[in-house]
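The values are calculated or read from the model by the stated rules, or taken from the named source; none is laboratory data. Every value quoted in this text rests on a predicted model; they were computed, and no experiment measured them. All Cβ positions, even for glycine, are placed from backbone atoms using ideal geometry, and neighbour counts span all protein chains on display.
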Amino acid sequence: MSKTVRSILVFTQMFPKSGNDAVISGMIKNPFYQTISLSKMGCDIDVVSTGDSRDSYELDGVRVYSIGDGVLKGMVKSFSYELKMFIKYLSLSRNNSYDVIHVHHLNIPWLGLLKKMGLLKSHLVYTAHGTSTPELKAARQGGWLFYFLLKVNGKLQHSMDKWCWKQAELLLSPSAFQIKEMQELYAVGNKPVEVVYNGYDENLYFKHKESGQKIKNRLGIGETEKVVIFVGRAARKKGIDLLIKAMDEVRDTLSDTKLIIVMGFIGRQKDFRKQIYNMASEREYVILCENVPESDLASYYNAADLCVVPSLGYESIPTVIYEAMACGLPVLTQGAWGIPEVLNGDFLKESELKNKAFPKRIIQLLSDEELLNRYATENLKNVAQFSWRNGGSKLLAIFNKHFKNEFDNE
């Protein structure tokens with residue numbers, strides 16, 4: 001009887017403990033949903049994750065082992081928690097034989113060393129939820145000394161990414177656009193690379209204006225007021241400051257317009273987070289929300305008329321786009337990177353985010369109900385293929401495509 005992939009060890013960051021956790025970052029959210037989806041397909045899964053503290057727990061049939069956090073910052077911090085993760089793997093491997101080890105957005109170089117020496121029998125898979133070199137160029141932060149140190153850290157990270165990816169048997173990317181980056185910047189060459197798009201949980205994210213109205217009532221937003229929403233991390237590359245400034249001009253034309261900012265924070269760029277708090281406090285029309293539970297986030301989308309994703313410099317495909325589409329929202333964003341692979345529309349150019357064209361586009365959309373409805377309908381139709389309901393089966397099919405023959409020959 002042919003054997004298929006069934007036992008999987010996942011390495012990731014900040015794996016949630018429940019649906020009440022606030023999970024804004026896509027590099028945390030997508031590995032979570034992908035892993036839960038695989039578990040529902042009958043896979044036996046262990047997760048080794050970073051976290052606020054050392055802990056172990058079970059969620060939807062997935063066993064999770066949190067090793068806590070690292071020490072200091074940058075590559076030193078990454079090295080310290082990745083070493084602790086590898087030590088946890090050594091402990092787990094005494095009693096478990098994994099078909100696949102799947103590493104999300106981390107580097108576990110000791111696994112690569114074992115694979116290179118022929119001592120790791122499990123198939124090694126890496127998912128790159130971003131590429132560090134373009135991310136660095138999009139950082140927009142700090143003075144010259146800080147940026148110099150950031151560049152040094154980025155160079156080291158690039159080298160480590162490149163080495164670890166070369167030891168993997170299979171690489172996964174959330175967009176076709178990023179595969180090209182991986183080939184050009186990281187020289188992965190003939191290494192097999194597959195696209196596994198991120199997605200959304202259809203049990204949480206769907207059009208439901210009644211729940212949106214409850215959020216509007218809670219936030220003191222009138223029924224006739226237009227609402228623009230931003231969802232994302234407190235990071236400069238996300239362009240939150242540019243959106244707030246653009247909304248100042250939007251309100252000169254559409255005075256009954258509010259901006260909801262649902263912001264996540266993962267410990268970095270504290271000065272930028274403070275800047276956004278200060279900007280919001282100076283404007284009565286800006287409603288800033290943090291720590292919104294994953295189970296409530298869809299209601300905030302449903303309270304809005306338009307989702308704006310004003311990212312600058314670099315993204316692959318922001319997770320917020322899938323979620324907004326699933327809630328029947330039009331999305332205004334750049335037509336860059338991997339975004340056109342999943343979203344149709346009249347895209348912004350990066351240069352427009354920094355001039356009066358940006359607020360004009362927001363005004364144009366909010367003033368045209370027919371256009372908003374057309375984009376919303378198209379998004380609902382197009383997004384269904386990215387539901388995590390099918391995510392586990394798609395990923396399992398990719399694993400079996402690459403590894404099943406080797407199991408049969410064992």
| Of the residues that make up region 5-25, is at least one on the phi > 0 side of the Ramachandran plot, of a type in the set (A, V, I, L, M, F, W, C), free of Cβ contacts under 8 Å to residues at least 12 places away in the same chain and in the same structural domain as Leu172 (by TED's automatic domain parsing)? | no
| said: Going by what's in this entry, would Asn198 be described as surrounded by fewer than 23 Cβ atoms within 10 Å (Cβ to Cβ) and either touching a strand residue (DSSP E or B) at 6+ places or on another chain (Cβ under 7 Å) or of a type in the set (S, T, N, Q) (or both)? | reply: no
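Out of Met325, Met279, I need the residue that is aliphatic (A, V, I, L, M), touching a strand residue (DSSP E or B) at 6+ places or on another chain (Cβ under 9 Å) and farther than 18 Å from Tyr375 by Cα. Which one? It would help to see each step written out before you state the result.
Numbers: Met325 fails: farther than 18 Å from Tyr375 by Cα.
Just a single option satisfies the conditions, and that option is Met279.
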| task | Please note which helices (runs of 4 or more DSSP H) are completely contained in region 176-276 and include at least 1 residues that are assigned by TED's automatic domain parsing to the domain that holds Gly51 and β-branched (Val, Ile, Thr). | result | 176-186
| remark: Scanning region 43-92 for residues that are touching a residue at least 12 places away in the same chain (Cβ under 8 Å), outside any strand (DSSP E or B) and small (Gly, Ala, Ser) gives Gly51, Ser53, Gly61, Gly68, Gly70, Gly74, Ser78
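From the list Lys216, Lys258, pick out the single residue that is crowded, with 21+ Cβ neighbours inside 10 Å and in contact with an Asp or Glu (Cβ under 6 Å, 6 or more places away or on another chain).
Values: Lys216 fails: in contact with an Asp or Glu (Cβ under 6 Å, 6 or more places away or on another chain).
It is Lys258.
Is one or more of the residues making up region 340-353 part of a loop (DSSP other than H, G, I, E, B), crowded, with 16+ Cβ neighbours inside 10 Å, of a type in the set (A, V, I, L, M) and modelled with pLDDT under 95?
Applying the first criterion (part of a loop (DSSP other than H, G, I, E, B)) to region 340-353 yields 342-347, 349.
Cutting the leftovers down to crowded, with 16+ Cβ neighbours inside 10 Å gives us 342-343, 345, 347.
Now drop any that are not of a type in the set (A, V, I, L, M), which leaves 342-343.
Cutting the leftovers down to modelled with pLDDT under 95 gives us none.
Checking region 340-353: not a single residue is part of a loop (DSSP other than H, G, I, E, B), crowded, with 16+ Cβ neighbours inside 10 Å, of a type in the set (A, V, I, L, M) and modelled with pLDDT under 95.
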| said: Can you tell me which condition Tyr322 does not meet? The list is (1) modelled with pLDDT under 95; (2) of a type in the set (Ser, Thr, Tyr); (3) buried (at least 24 other Cβ atoms within 10 Å of the Cβ), and all the others hold. | reply: (1)
| said: Can you report the number of residues in region 48-82 which are among the aliphatic types (A, V, I, L, M) and either at pLDDT 90 or above or surrounded by 15 or more Cβ atoms within 10 Å (Cβ to Cβ) (or both)? | reply: 6
| request: Output yes when any residue across region 28-45 is surrounded by 19 or more Cβ atoms within 10 Å (Cβ to Cβ), over 24 Å from Tyr197 (Cα atoms) and not hydroxyl-bearing (Ser, Thr, Tyr), and no when none is. | output: no
| task | Considering (1) in the same structural domain as Asp44 (by TED's automatic domain parsing); (2) hydroxyl-bearing (Ser, Thr, Tyr); (3) under 30 Å from Lys245 (Cα atoms), say which one Ser393 fails and leave the rest. | result | (3)
| field | His129 being at pLDDT below 95, assigned by TED's automatic domain parsing to the domain that holds Phe403 and surrounded by 21 or more Cβ atoms within 10 Å (Cβ to Cβ) | value | yes
| field | Arg233, sole failed condition from (1) within 27 Å of Phe358 (Cα to Cα); (2) of a type in the set (D, E, K, R); (3) surrounded by fewer than 17 Cβ atoms within 10 Å (Cβ to Cβ) | value | (3)
| When region 88-126 is examined, which residues are found to be closer than 20 Å to Asp161 by Cα and charged (D, E, K, R)? | Lys115, Lys116
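Listed here are the residues, each with its yes/no results for (1) among the acidic types (Asp, Glu); (2) under 30 Å from Ser39 (Cα atoms).
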{"position": "Gly338", "(1), (2)": "no, yes"}
{"position": "Leu348", "(1), (2)": "no, no"}
{"position": "Glu369", "(1), (2)": "yes, no"}
{"position": "Glu378", "(1), (2)": "yes, no"}
| said: Can you tell me which residue is farthest from Lys84 (Cα to Cα) among those in region 5-43 that are touching a Lys or Arg at 6+ places or on another chain (Cβ under 6 Å) and of a type outside the set (A, V, I, L, M)? | reply: Cys43
| remark: Val320 meets each of (1) within 26 Å of Gly130 (Cβ to Cβ); (2) of a type in the set (Val, Ile, Thr); (3) touching a Pro at 6+ places or on another chain (Cβ under 7 Å) with one exception, condition (3)
| said: Whether any residue in region 8-19 is surrounded by fewer than 19 Cβ atoms within 10 Å (Cβ to Cβ) and within 19 Å of Asn198 (Cα to Cα) is what I want to check. | reply: yes
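Based on this model, can you work out whether Ile221 counts as more than 16 Å from Cys307 (Cα to Cα), crowded, with 17+ Cβ neighbours inside 10 Å and touching a Lys or Arg at 6+ places or on another chain (Cβ under 8 Å)? Please lay out each step first, then the result.
Numbers: more than 16 Å from Cys307 (Cα to Cα): yes; crowded, with 17+ Cβ neighbours inside 10 Å: yes; touching a Lys or Arg at 6+ places or on another chain (Cβ under 8 Å): yes.
Yes: the conditions hold for Ile221.
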